[in-house]
Amino acid sequence: MQALRIVGGRPLQGTVVAAGARNAMTKLIIASLLSDKRCTFFNVPDVGDVAITLAMCQEVGMEYVWDRQAKVLEVQTKELKTTYVPQRFSGSNRVPILMVGALLARSEEDIVVPILCGSATDARPVDFHVEALRTLGATIELKVSRKEGAFHAFAPHGLKGGLIQLPFPSVGATENSILAAVTARGTTIIKNAAVEPEVLELMLFLQKLGANIVLDTDRTITIQGTRSFHPVEHSVLSDRIEAASFAMLALASGGRIFVEGAEHRNLITFLNAVREIGGCFSVKHHGIEFWTEGPLKGGLHIETDVHPGFMTDWQQPCVVLLTQASGSSIVHETVYENRFGYVDTLSKMGAEISTFRQCLGGRVCRFNDHAHPHSVIIRGKTPLEGTSIAIPDLRAGFAYVMAALIAHGESTLSGVDFLTRGHERIIDKLHALGADISTVPTAKGADGPDCFDLFSRLGSQV
C-alpha cells in the first residue's frame, strides 16, 4: 500500500495533457460487447477503471490488446463464453450494472452481475436502470445471500422496443437503455434522456457500429433495433472532469496551467464560473490555459445540474477553490444526495463551510424536504493547514489532493487507489507542474474498505 506525502503552498505552473474521458471509455468498452466485430479505440486513458472494466469483459469472453503508452486499445468479443460476472467485481465501480443492458442485447441466457459492495442498500440508485430494462421486456431480480448481492436478469423471448420515460435524466440509466435497445426488436424511444457529452460519445460509437440512433431537441433518443454490425475505429473525447480539475488547481494555487486537449464546447458552463470568480483563461486551438491576475472573489452561487448545467463532478474541487476566494459562496447539489461528506476534512484543515439540508438555490430540487445535506455555504478566503487524510472515494480524491497542494505544511493522503482509478498518471502530472509530492508506504488496510480495493486485488489480471 502506498500513501501520498504532499507539501503544499507552491504555485503550480506548466502544461498537463487531459486524458481520454474515463466516463466515456468504460461505457464504450461495454458497448463493444454488442457485436462480434473488432473495435479499435484511440486516446484511451490509462486508469484503473478502464483496467477493471476490461477485466470484467474478459470474464464474459472479450479479447483485447492494450498499448498503454500509445493509448490504443483493440477489443473483440467473438462469442460470449458466460453471462456471469463474478462477485469479486462487487465494489469495483458502477460499470457492472451497465453490463446488464449489453449482455441482454447479445444473449438470451440469464445475466448475473454484482451490486456495489454486495449490499442490498445499494440497489436503490439503479431503480431507473431496472425499470427501463423491464420496459423492454427484461425480468430483473435482486438476490442477496450472506451479505453478497447480485442482479439476475433474463429475457428469454428477446428484448422488444418500447417507450422509456426516465423520471430523471440519469446518465447511467440512459446508457443502459441505449445499450439494450440497439438489438431490441422494433423501435425504442427514451424520453427525458441524459445528453452529457459522454452519452453523445456512446451514440457516435454505436452509429459507427451499425445502430440507427437519433437524438431530438427535447431529450428524446430514438433507436431502431438492428443486429447488423461493422468494425469500428473511434477516438475518445478528452476528460472534462480532469480538464476542469487542473484548471481549478491553477486558480487556487495562484499558478498558471495549460490544459492540453481541454475542449471548449464541453466546458462552457465551467468557464463562465471561472470568469465570475475572477479567474482568467485563454482558449487555444489545442487546449485552454488558466491563471489569475489578482485575488479571487467569492459571491458565487452554483447549482449542479445535468448537462449542460454545472457538472456534479466539478463540485468537489470547486468547493476547495471557493475556500480561497474572498466572501461567501453557495453550492447547491441537485444531482446526487450525500455528496458533501468530504467537507468535514476541509473544515479540519481550516475551511469555513456550513452544510444545509435545505435547497439554497433558485430552484427546488428532488432532495427538498429530505434529510440529505445537499447545500453548503463557503466563507473565504481561509488558509488551509496540512493534515492526514483518508481518501474515501474517487470524486473526493482530487479535491483532497488539491486542498493539500494549497495548504501550508505537509499532508499525508491514504486511499491512493481511488486516484489511480480515475486519474491518469496523476503523480507524474503533478510533479511536472512543480508539486512537492511523493509516495510513502502505509500500513496494510489503511486505504479504506476492501470492497473498494479491487484494482489492487486483481493485480496481474488487469
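Looking across segment 22-57, the residues that are under 18 Å from Val232 (Cα atoms) and among the aliphatic types (A, V, I, L, M) come down to Ala24, Met25, Leu28, Ile29, Ile30, Ala31, Leu33, Leu34, Val44, Leu54. Screening Pro392, Pro383 for residues that are modelled with pLDDT of 95 or more and part of a loop (DSSP other than H, G, I, E, B) leaves exactly one candidate, Pro383. Scanning segment 124-177 for residues being under 21 Å from Thr304 (Cβ atoms) and aromatic (Phe, Trp, Tyr) gives a total of 2. When Ser235 is tested against (1) surrounded by fewer than 19 Cβ atoms within 10 Å (Cβ to Cβ); (2) closer than 22 Å to Ile97 by Cβ; (3) within 23 Å of the chain's Cα centre (by Cα), only condition (2) is not met. When residues in segment 78-99 are screened for being within 25 Å of Val171 (Cα to Cα) and assigned to a loop (DSSP other than H, G, I, E, B), 9 of them pass.
This table checks each residue for (1) in contact (Cβ under 8 Å) with a residue 24 or more places away in the chain; (2) touching a strand residue (DSSP E or B) at 6+ places or on another chain (Cβ under 6 Å).
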site	(1), (2)
Val65	no, yes
Tyr84	yes, yes
Gln87	yes, yes
Ser90	yes, yes
Val95	yes, no
Val100	yes, yes
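Selection of first residues in segment 309-334 that are more than 16 Å from Ser347 (Cβ to Cβ) and of second residues that are among the hydroxyl-bearing types (Ser, Thr, Tyr) and surrounded by 24 or more Cβ atoms within 10 Å (Cβ to Cβ), restricted to Cβ pairs under 8 Å at least 6 apart or on distinct chains, gives the following pairs, ordered by first then second residue: Trp314/Ser245; Pro317/Ser245. Does any residue of segment 71-91 turn out to be under 30 Å from Ser411 (Cα atoms), crowded, with 17+ Cβ neighbours inside 10 Å and not assigned by TED's automatic domain parsing to the domain that holds Glu263? Taking every residue of segment 71-91 in turn, at least one turns out to be under 30 Å from Ser411 (Cα atoms), crowded, with 17+ Cβ neighbours inside 10 Å and not assigned by TED's automatic domain parsing to the domain that holds Glu263. When segment 170-210 is filtered for residues that are farther than 30 Å from Glu337 by Cα, touching a helix residue (DSSP H, G or I) at 6+ places or on another chain (Cβ under 8 Å) and not β-branched (Val, Ile, Thr), the ones remaining, listed by number, are Ala184, Phe205, Leu206, Leu209.
The strands (runs of 3 or more DSSP E) found entirely in segment 124-220 that carry 2 or more residues being among the small types (Gly, Ala, Ser) and in contact with a strand residue (DSSP E or B) (Cβ under 6 Å, 6 or more places away or on another chain) are 148-154. If you go through segment 299-331 and pick out every residue that is farther than 30 Å from Pro169 by Cβ and either surrounded by fewer than 15 Cβ atoms within 10 Å (Cβ to Cβ) or small (Gly, Ala, Ser) (or both), you end up with 4.
The values are calculated or read from the model by the stated rules, or taken from the named source; none is laboratory data. In this text the structure is predicted, and so the values were computed from the model without any measurement. Heads up, the Cβs are rebuilt from the backbone with ideal geometry, glycines too, and the neighbour counts pull from every protein chain shown.
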